[in-house]
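One structure is given here, and the rest of the page talks about it.
The values are calculated or read from the model by the stated rules, or taken from the named source; none is laboratory data. Only a predicted model underlies this, so the values are computations on that prediction, with no experimental measurement involved. With ideal geometry, Cβ positions are generated from the backbone for all residues, glycine too; neighbour counts draw on all protein chains shown.
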Amino acid sequence: MRWSTNETTNSISVSQVGNYSVTVFNKGCSGSANVDVTEGILNVSISGDNVLCGGTTGTLTAIGTFDSVRWSTNATTTSINITEQGTYSVTAYSNSNGCSGTASFEVARISIDYFLDKKLDSICTGDTAKFVLSAGDLGSSPLDTFTFTQPGRYLVSYQTPSCGLFTDSVVVLGKSISKPAITGNLSICQQQSTTLDAGANYDSYAWQPNGESTQTITASQPGTYTVIVKKGNCSATNAVTVVQAASLNPFSLGNDTTFCGNFSKVLSTGNQSTIWSTGVTSAQISVSQPGQIIATQSNNCNTVSDTIVISQNPIPSVFIGNDTAFCEGELLLSAPSEMNSYVWNNGATSQTITVSQEGTYSVKITDANNCSNSDSITISSNCLNDIWIPNAFSPNNDGVNDVFMVRGNPQNTTIEKMLVYNRWGNKVFEVNNILPNDKTTGWNGTYKGADVQFEVYGYYVVAKFKNGEKQILKGNVTLVK
């Protein structure tokens with residue numbers, strides 16, 4: 001065979017368009033054929049975002065019938081993502097006919113930044129929250145304004161000319177103002193007034209019941225005062241009650257008084273707010289020292305006070321002698337001189353008395369300050385070796401028969417032992433080698449420093465006389481008050 005290109009192979013490769021023919025020979029026979037070769041065209045185009053807004057990402061896609069592609073970015077995928085402006089191209093290839101085709105695409109960037117002036121706002125009742133949308137490359141004039149009158153979370157949107165739909169969320173909070181703190185004296189006296197202050201930093205004030213519109217008002221009558229304050233569209237209210245205070249009534253601590261010796265006196269007003277000149281604040285105090293005591297009570301209306309003078313005089317001293325004994329003759333008993341009065345238990349009213357009989361003698365003296373005291377003495381007979389023990393005593397500190405002791409003649413008698421037992425046989429007192437008639441060594445009705453019960457006690461006494469004789473006495477004594 002032979003081609004029109006003079007090649008003799010079964011097949012040939014051609015790179016030019018035109019008419020190609022071939023003649024074949026076989027056993028003297030031949031035959032011819034021809035074919036027209038024309039130039040092939042592969043159509044390809046690009047579809048996608050020709051404008052990039054702000055920092056967004058776009059997509060370009062190759063459109064057509066082909067087997068593979070290669071972009072100017074060296075990507076070999078049908079679609080690519082782009083972030084930069086410029087000219088993008090793609091070449092598509094067909095494996096069946098070796099054809100290829102190229103397309104290009106211009107991409108522009110619009111650097112518009114859409115933004116809200118804020119994302120959070122708070123409103124009072126009746127207020128409107130406003131959110132303004134602007135774009136950096138489009139001037140300072142607002143593109144849109146979103147308004148809301150209720151608290152909540154809202155989605156806002158805006159259809160941009162070239163960059164699609166802008167969306168964002170905003171939050172509206174409800175707010176309020178604090179309740180006004182009304183200050184001022186809430187207790188007034190008659191013919192007095194008080195200033196009530198609702199506080200500063202409010203736009204308006206409305207008081208009741210008198211309708212004042214100032215921050216402060218003067219209240220001259222008891223009652224309830226209410227104020228409504230406003231700041232913007234927010235409002236708050238508060239109220240206080242003004243009461244009329246009562247004036248304090250006069251009081252008395254009593255007449256000035258005088259005590260003899262130690263004393264304790266309770267002074268009382270009945271008012272816990274009383275201020276005493278001793279520095280104590282209470283309704284009452286106990287006084288044990290002489291002096292002037294002032295009690296004062298105060299409130300917003302008045303002050304009242306009272307004064308008492310408490311004096312103290314000493315108790316006069318009196319001693320008419322230790323218990324004693326005598327056999328014959330008389331004894332002179334003498335009380336202190338310069339007293340206002342003397343009262344002896346035998347009826348005498350003189351400073352001194354003369355006694356010739358055994359027994360107990362007492363005297364009560366009263367001085368110029370009307371203070372009194374008393375003393376007693378027991379006189380027994382010492383004519384014989386004899387002792388006498390009383391069957392009762394009363395340790396009540398009245399100066400009469402306060403001590404249980406053996407009576408006798410101390411000139412010829414010694415009490416070797418004196419024991420006292422309670423009704424259970426327990427020893428409550430013991431003394432040894434003492435003289436009779438000595439109150440300082442007798443039993444004063446105590447045991448271990450505490451007063452014993454009023455009852456009958458047993459005693460055991462051993463007395464020794466000057467001639468050597470001894471006498472033992474046993475018996476009972478009753479402790480009475």
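Would you mind stating whether residue 456 is surrounded by 15 or more Cβ atoms within 10 Å (Cβ to Cβ), touching a strand residue (DSSP E or B) at 6+ places or on another chain (Cβ under 8 Å) and hydrophobic (A, V, I, L, M, F, W, C)?
no
Listed here are the residues, each with its yes/no results for (1) under 60 Å from the mean Cα position of the chain (by Cα); (2) not hydroxyl-bearing (Ser, Thr, Tyr).
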| position | (1), (2) |
| --- | --- |
| 411 | no, yes |
| 432 | no, yes |
| 436 | no, yes |
| 450 | yes, yes |
| 457 | no, no |
| 466 | no, yes |
| 478 | no, no |
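Go through the range 87-115 and report how many residues are over 60 Å from the mean Cα position of the chain (by Cα) and either modelled with pLDDT of 90 or more or part of a loop (DSSP other than H, G, I, E, B) (or both). Talk me through it step by step, then tell me what you get.
At the first step, the residues of the range 87-115 found to be over 60 Å from the mean Cα position of the chain (by Cα) are 87-111.
If we keep only those that are either modelled with pLDDT of 90 or more or part of a loop (DSSP other than H, G, I, E, B) (or both) too, we end up with 87-99, 101-106, 111.
Within the range 87-115, residues that are over 60 Å from the mean Cα position of the chain (by Cα) and either modelled with pLDDT of 90 or more or part of a loop (DSSP other than H, G, I, E, B) (or both) number 20.
Specify the residue that is farthest from the chain's Cα centre (by Cα); the eligible residues are those in the range 332-342 that are surrounded by 16 or more Cβ atoms within 10 Å (Cβ to Cβ) and not hydroxyl-bearing (Ser, Thr, Tyr).
333
Consider the range 428-445. How many of its residues are closer than 14 Å to residue 477 by Cα and either touching a Ser or Thr at 6+ places or on another chain (Cβ under 8 Å) or exposed (fewer than 13 other Cβ atoms within 10 Å of the Cβ) (or both)?
Residues meeting the conditions: 0.
How about the range 370-384: which of its residues are in contact (Cβ under 8 Å) with a residue 60 or more places away in the chain and either within 15 Å of residue 345 (Cα to Cα) or surrounded by 16 or more Cβ atoms within 10 Å (Cβ to Cβ) (or both)?
Within the range 370-384, 371, 372 meet the criteria.
Among the residues of the range 402-425, is any within 27 Å of residue 339 (Cβ to Cβ), buried (at least 16 other Cβ atoms within 10 Å of the Cβ), free of Cβ contacts under 8 Å to residues at least 60 places away in the same chain and touching a strand residue (DSSP E or B) at 6+ places or on another chain (Cβ under 8 Å)?
yes
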